[in-house]
Amino acid sequence: MGDGRWEMGDGRPHLTMIKEQFNQNGVVILKGHLSQARMTRLDEAKRQLDHEHAISGDAIRNARFYMGPWPAAIDDLEHWPEIVALVRELIGDSIALYYRRFLIKDARFKGSVAAHQDLPYWHGGLEKIHLFIPVSPNTVQNGCLRFYAGSHRYGLIGQGDIEAERFSGIQEVYDDLYPGDVVIMDNRTWHYSKPAEVDEPRYLIQLMYQPSSDGSYVGKPTPISGQWQTDLRFHENDALIYANVNKYIKENADLKEKVAALEAQIADGSKA
Ligand SMILES: O=C(O)CCC(=O)C(=O)O
């Protein structure tokens, strides 16, 4: 329990205990958090990714990120009450989604990702939190995500690779993750992954939430619960165009525009 991992078994850990663990470690691994019905939908999403999207010409992905088309079976995932309850406990009742994407490893990309923190790569407010939701097995063999518990306490490190072994007071945590599991990560927490040794795809959803006092967004503003607490809306391209502060965002902006265009095309098609 002290290493950021909760085993389900005698019922769900109380939300306040999850919060305690989150504040202490900056990461909490919740095994079996989602119901069988949700797992069925995640399985369906995996099939859609395998057969319809990930391999089709329409897929919006670069080597390790997949942005869309989003699998229909889980298109409302960010609103699932058992996920929203976790976020509300941690950042309050008024929340918005900042961004969602898949982190992928498969036959096309099996590489490692060096230890880093996400905080300096995104625009807007700093209180974003990340939920990771596996849609296929995410195991040591296919290059699962690994976290440094306690690393959030170092605050802002900056962009780039972090030599975690030079820092004290942190502990690596990871687990084989399966659909139904959920990982919650602080915006400052360092994480990395080792290369995949097999072709079996590692599909991992990353949901980024923020208090609704933060009007920044990627894609479209997406209120999740409560009311907007700000009138400002601040798209990532505004940061890119008016401030040019984030090289990483610039590299991905064209892909996201393509997602928006495809989503509009799909919406038009479903109306016809
Ligand atoms: O996909 C991975 O293994 C890590 C990706 C990641 O953490 C990131 O790009 O921020």
Q) Where does each of Ser112, Ser216 land when they are ranked from fewest to most other beta-carbon atoms within 10 angstrom? A) Ser112, Ser216
Q: Give the range of the longest stretch in the chain that excludes all trypsin sites (Lys or Arg not before Pro) found in loop regions by DSSP and having at most 14 other beta-carbon atoms within 10 Å.
A: 109-232
(Q) Net charge within 15 Å of Ser193 by Cβ-Cβ distance, Lys/Arg positive one each and Asp/Glu negative one each, not counting Ser193 itself? (A) -2
Q) How do Phe65, Phe147 rank when sorted from fewest to most other Cβ atoms within 10 Å of their own Cβ? A) Phe65, Phe147
Q.
With the cut-off at 1.5 for a/c, could you classify segment 155-211 from its C-alpha gyration tensor as rounded, prolate or oblate?
A. oblate
Q. Tell me, what is the percent relative contact order of the chain, built from C-alpha pairs under 8 Å that lie six or more residues apart?
A. 26
Q. D for segment 64-208, whole µm²/s, Stokes-Einstein with Kirkwood Rh over alpha-carbon pairs at 20 °C and 1.002 mPa s: what number?
A. 135
Q: Take the alpha carbon atoms of the chain, find their radius of gyration, then divide it by 2.2 N^0.38 Å using N residues; give the quotient.
A: 0.96
Q: Could you pull out which residues in segment 220-234 have an amide N less than 14 Å from a spot 7 Å beyond the Cα of Ala267, following the Cα-Cβ vector?
A: 220-223
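Throughout, read-outs are computed from the coordinates displayed, never taken from laboratory work. Computed from a prediction, not measured in an experiment: that's the story for all the values here. With ideal geometry, Cβ positions are generated from the backbone for all residues, glycine too; neighbour counts draw on all protein chains shown.
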